[in-house]
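Down below is the structure, laid out as structure tokens.
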Amino acid sequence: MAGGAASGGSATTDTYKDARGWLLMPAWSVLLVLSLAPVFMMLVYSFLTKEFRGGVIWEFSLAAYDQFFFDRGLFGDDPPVIEWTYLTIFWRSIWQAGAATILSLLIGFPTAYYIATRPENVRPVWLFLITIPYWVNLLIRTVSMKFLLRDQGPLNDLLMSTGLISEPIHIINTNLAVQLGLFYSYLPFMVLPIYAAVERYNFALSEAAADLYANKWVTLRRVLLPAVKPGVVAGCILVFVPSLGAFLAPDLLGGAKNFMIGSLIEEQFKGNAGNWPFGAAASMVLLTMVLIILLICARQQSKAGKEV
Amino acid sequence: MATPGNDIKSYPGFRFITIACLIILYAPLVVVTIYSFNASKSITVWEGLSLHWYADVFTGPDSGKFKLAARNSFVIAIIAASVSTAIATLAATAMVRGGQFKLRTVSFGLISLPLMVPEIVTAVATLIFFNAIGFDRGLMTILVAHIAFCIPFAYLPISARMQGIEDTYEQAAMDLYATKRQAFTKILMPLMMPGIISGFLLAFIVSLDDFIITNFVKGAGVETLPTAIFGSVKQGIKPNIMAISTMLLGLSIVMVTISYFVSKTDNTK
Amino acid sequence: MKHMIKASATAMALALAATGASAEGKLVVYHWFEYIPQDLLDKFTAETGIEVTMDTYDSNEAMLASLKAGAIGTYDVAVPGDYMVSIMAGEGLLDTIADGELANKGNISSDWADPSFDPGRMHSIPYQWGSTAFMVDTASYSGDINSTDILFNPPAELSGKINMLDSQGEVMAMAALHLGMEQCSTDRDKLKALNAMLQEAKGHWASFNSDTAKEVLVSGDVSVGMIYDGFGAKARSEKASLKYAFPSQGYVVWMDNVVLLKDAPNRDSAIKFMDFLLEPENIAAVSNYARYGLGVNGAGEFLDPELATLPESNPPAEAGAGVFIEVCDEATQAVYDKIWTNLKK
């Protein structure tokens, strides 16, 4: 699965093979302690008994996973049936995150490409322009976004004054609002990796394609896209995965009438429920799911790589 | 740099989408800027122009806290982004230029791990971990947690870039008796710069805006801007936060303008 | 290398935190952000020589999670809400204030001297209190607003224009008042009815939102919104047609309290701080700043006169009773958690 973003390109070489261990050591040591250790701890927690109002009791229990997959009725004593509640929440989150990723790609790719084809000395300025809005706190940006999208907000006023629409479009508290919010939250995470890849693209390839009478769009699809694929994949991962766990945009723009994964898990640790093992178990399911998705991406990519 | 025919490079509609993209990014900030000048306490109803909230930021009762929070945020973001970018660059070199090796898949999984785990889980687990090893919470705990969290955000653009660079340049340099270290610092690094800048910028904004993890691992008396802003929701969002945001924007735009003119004078290539 | 990093970071931390350790005493407060005026903290330091360090949180539950994850023992006092005081006491996170330890304990007004969440005020002193109900935009609805029907069984013109607080405790308490049932019921039929009622009511709601509860009302996105009284007063000052309701079925009352935490590193300072906040003049300064009620006798003369006439803080005679959110036992709470998840799935 390393392929996800690491092995796609053709320029994987072994120049620094001997120094490999030293080069990887800082990342390994930081992440083993600060990422893998916490994850391992949560894996253990997910198999422990919950302590009422947060915390765990050190006794083995499958209750958290049972709660995730089986429904035993309101009072917990009906015969178990498959629990669709959490699976539905997961499916909804995947769908929203996927839509946001596609939206980001459709806007982010042309933007990244455009920036990468500007004169060399102004490119960093463009990159700053894309990231500056993110110096402002996400909460403030999302509240302002909400202000813009309101039924009586500036966007609807503008569209109505131009005569494009006669009734305000209702966006707030819809799925579209959530997707727009996620898209807005993570757009630079799509643009920058693609930019980094396109900037390196050898335009002689496009010229060669044009010489062979390929039109521009065929060239884009058959020559450019395969060449910058690692950037596109990296961008998609950086938008999709954080979107899965996001809660601010879904809550503020989507109305929070339906849980997303992020708010569901958050509620287990700092909400009324205070069910740490269940929060840990839901995180483990999420982690497994993301790993599988990355694996499928990697497989497809390496397959495609062999065909080319 | 040789420029092949511009018509090959440009696609119709791409400029339009880029401009649309900038409008989308900046439209909410226009709202923020406008309401920072609001005379009333409201961020919803406009009641006239005033500089009241700017004065409040500098002289108001909480001005000290916000100033300190802003300084903490920037110090942490700059250090965390620099360190994680350095770590990510080394890791990417090993992953992309290190040939095939057994732990490659595992390494990639490990590097992406902070992305995949919900932040709240990292937050609670890290806090328990810090308490268990007796690491006093403060600026240092935030910094360490941010470094780990920022690594995948720095790594992905950097490795994407490196995959696009053929190793012929380094090979050529080494054929001319450059050492590996020289090939790395003199050839690969300059070629890597766009990727490294991208990675640094992403890590920087991730650190600057992080709330959940910071909120759990910070110690007494240490606020960052996000924790200060989320915390003040108890009293409602006031235009003073809009004023702080606008000043941050102003500052960053000044920095970009300076860097633009600096790069213009350096236009010898 | 590691030592170098740690040393430079410590230096940086010292430079940034800028808190001298030379003070006569220290006090570490775990508090909401912007919920105590800085002037008052300065006054405390001036009077006692105790240096105050503050850490902040954004919800009662986040504070609990942080303390339970091992942060207990690093703070002296915290400011939890009513139900959280009894939860924390139950968890053994609070220290007991001995008789006579607090010189100003007698200042606590009789209404708040023996609350259900901390009988006899063993662990806490009153800080601020207020109510949670809802506001209605009287420009879009002219009928009677003082009924929980507005939230749970709204007239047609308000359906789809209601914002609820995204808070299980407050929504469930209001729902219990609406159905006239106890907050921690074990009666299965009643619980099923509660679940069904909420499912039905959800169809009438536009959103769950706490962070911008005031803004959605002022902007007109919704015509009805659950809100705290203090926010209600602010909303009304921005939009005069908004009116705060006191339902005849009752409404939720809350009180934030200063508690003495277990293993407080500076216990003496904490006691001094609590005594300080029981001085009428000092707690009145908090009320004037935060715009909520206080629980200390003799503070009237120091209070902003406007506070006494706020319609949001002064329920009319015909209003129902104010109730605190109750703390249920584990089995009962599990059912309520399930109902909440059902509501938001």
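The values are calculated or read from the model by the stated rules, or taken from the named source; none is laboratory data. What you see is a predicted model; the values in this text were computed from it and never measured. Methodologically, a virtual Cβ is constructed for each residue, glycine included, from the backbone with ideal geometry; neighbour enumeration extends over all protein chains shown. Ligands, DNA and RNA are excluded from the accessible area calculation, which covers all protein heavy atoms including side chains. Shrake-Rupley method; radii C 1.70, N 1.55, O 1.52, S 1.80 Å.
Our coupling estimate for segment B:191-200, obtained by passing each phi through the Karplus curve with A = 6.51, B = -1.76, C = 1.60 and θ = phi - 60°, is 5, 7, 3, x, x, 5, 4, 4, x, 4 Hz, Gly and Pro reported as x. Over every Cα atom in segment A:120-188, the radius of gyration and the widest Cα-Cα span, Dmax, amount to 15.0, 46 Å.
Listed by chain and number, the lysines placed with their C-alpha closer than 27 angstrom to that of B:Lys41 are A:Lys146, B:Lys65, B:Lys67, B:Lys234, B:Lys238, C:Lys43, C:Lys161, C:Lys214, C:Lys234, C:Lys239, C:Lys243; residues fewer than eight positions away on the same chain are left out. Cα centroid separation, segment B:31-72 to segment C:48-115: 32 Å.
After finding the eigenvalues of the alpha carbon gyration tensor for chain C, what semi-axes result from the square roots of 5 times each, listed largest first in whole Å?
37, 23, 21
Counting only alpha carbon atoms, the long axis of helix B:63-97 and the longest principal axis of chain B meet at about 20°. Solvent-accessible surface of protein heavy atoms, probed at 1.4 angstrom with all chains present, puts A:Leu48, A:Leu212 in the order A:Leu212, A:Leu48, largest first.
May I ask you to order A:22-31, B:248-257 by the average number of other C-beta atoms within 10 Å around their residues, highest value first? Can you show the working numbers first?
Details: A:22-31: 19.1, B:248-257: 14.8.
Order by mean packing, descending: A:22-31, B:248-257.
Straight Cα distances below 21 angstrom link B:Lys180 to the lysines A:Lys17, with same-chain residues fewer than 8 positions distant left out.
The C-alpha atoms of the protein assembly as shown occupy a region whose extents along the principal axes are 89, 67, 64 Å, arranged from largest to smallest.
Need one value: the accessible area of C:Asp256 in square angstrom, 1.4 angstrom probe, rounded to the nearest 10. Roll a 1.4 Å probe over it and C:Asp256 shows about 10 Å².
Just to confirm, what accessible area per residue do you get for segment B:221-260 at 1.4 Å probe, in whole Å²?
Details: 1090 Å² over 40 residues.
With the other protein chains kept in place, segment B:221-260 gives 27 Å² per residue.
For B:Glu47 and B:Thr179, FRET efficiency with R0 = 60 Å and r from the beta-carbon atoms, rounded to 0.05? Write out the running numbers ahead of the final one.
Working: r = 67 Å, r/R0 = 1.12.
About 0.35, to the nearest 0.05.
Buried accessible surface for the A/B chain pair comes to about 10600 Å², total over both chains, computed with a 1.4 Å probe.
Leaving ligands, DNA and RNA out of it, report the carbon-plus-sulfur percent of the accessible area of segment C:201-295 at a 1.4 Å probe.
Details: 1140 of 2420 Å².
Carbon-and-sulfur percentage of accessible area, whole number: 47.
Rg over Rh for segment A:73-190 works out to 1.13, using Cα positions for both radii and the Kirkwood form for Rh. The figure for A:Asp157 is an accessible area of roughly 90 square angstrom, using a 1.4 Å probe on the protein chains alone. Each part reduced to its alpha carbon centroid, segment C:267-339 and segment C:145-161 end up 28 Å apart. Of the residues C:Ser207, C:Val218, C:Met181, the one whose Cα sits farthest toward the positive end of the charge dipole of chain C, with +1 on the Cβ of Lys and Arg and -1 on the Cβ of Asp and Glu, is C:Ser207.
Along the axis of the charge dipole computed for chain A (Cβ charges of +1 for Lys and Arg, -1 for Asp and Glu, origin at the Cα centre), the listed residues A:Ile132, A:Gly271, A:Phe70 are led at the positive end by A:Ile132. Label zone of C:Asp329 (point 7 Å out along Cα→Cβ, amide N under 13 Å): in segment C:174-209 this covers C:184-187.
Principal-axis analysis of the Cα atoms of chain C puts helix C:188-202 at an angle of about 80° to the longest axis.
Charged side chains reduced to their Cβ positions (Lys and Arg at +1, Asp and Glu at -1) give segment A:63-121 a dipole of some 420 debye around its Cα centre. Cys residues of the protein assembly as shown that find no other Cys beta carbon under 4.7 Å: A:Cys236, A:Cys297, B:Cys21, B:Cys150.
Taking the Cα centre of segment C:230-284 as origin and charging only Cβ (+1 Lys, Arg; -1 Asp, Glu), how large is the dipole, in debye to the nearest 20? Each step should come with its number before you reach the end.
Working: 7 positive and 7 negative charges, 83 e Å.
The dipole magnitude comes to about 400 debye.
What the phi angles of segment B:106-118 give under the Karplus curve with 6.51, -1.76 and 1.60, with θ = phi - 60°, is a coupling list of 4, 4, 5, x, 5, 5, 7, 4, x, 5, 7, 8, x Hz, glycine and proline written as x. Helices assigned as whole DSSP H runs in chain A whose Cα atoms extend at least 18 Å along their own long axis and whose mean Kyte-Doolittle hydropathy is -1.0 or higher are found at A:85-116, A:175-198, A:229-245, A:276-307. Note on segment B:61-265: semi-axes of the ellipsoid equivalent to its C-alpha gyration tensor, largest first and rounded to whole Å, are 36, 23, 13. Of all DSSP-defined beta bridges confined to the protein assembly as shown, some 65% are antiparallel rather than parallel.
Think of each Lys and Arg Cβ as +1 and each Asp and Glu Cβ as -1; about the Cα centre, that makes the dipole of segment C:212-324 roughly 280 debye.
Please give the helix C:280-290 orientation as an angle from the longest Cα principal axis of chain C, in degrees from 0 to 90, rounded to the nearest 10. For C:280-290 against chain C, the angle is about 50 degrees.
The share of accessible area on segment B:61-265 that comes from carbon and sulfur is 70 percent, using a 1.4 angstrom probe.
For C:Val253, the residues whose modelled amide H falls within less than 5 Å of its own, excluding neighbours fewer than 5 places apart on the same chain, are C:Thr132, C:Val323, C:Phe324, C:Ile325.
Averaging the Cα positions of each part gives two centres, and for segment A:181-243 and segment A:31-79 these lie 41 Å apart. Near the amide H of A:Leu48, within less than 5 Å, lie the amide hydrogens of A:Ser61, all on another chain or at least 5 residues away, with H placed in the peptide plane.
Here the simple spin-label model places points 7 Å from the Cα toward Cβ, and for A:Arg222 and B:Tyr26 these points are separated by 3.9 nm.
Would you please give the residues with an amide H less than 5 Å from that of C:Ile227, counting only those at least 5 places away or on a separate chain, with H modeled from the backbone geometry? Correct list: C:Ala133, C:Phe134, C:Met135. Rounded to whole numbers, the Karplus 3J(HN,Hα) couplings from phi for segment B:10-27 are 8, 10, x, x, 5, 5, 4, 5, 4, 5, 4, 4, 5, 4, 4, 5, 9, 4 Hz, using 6.51 cos²θ - 1.76 cosθ + 1.60 with θ = phi - 60°, and x at Gly and Pro.
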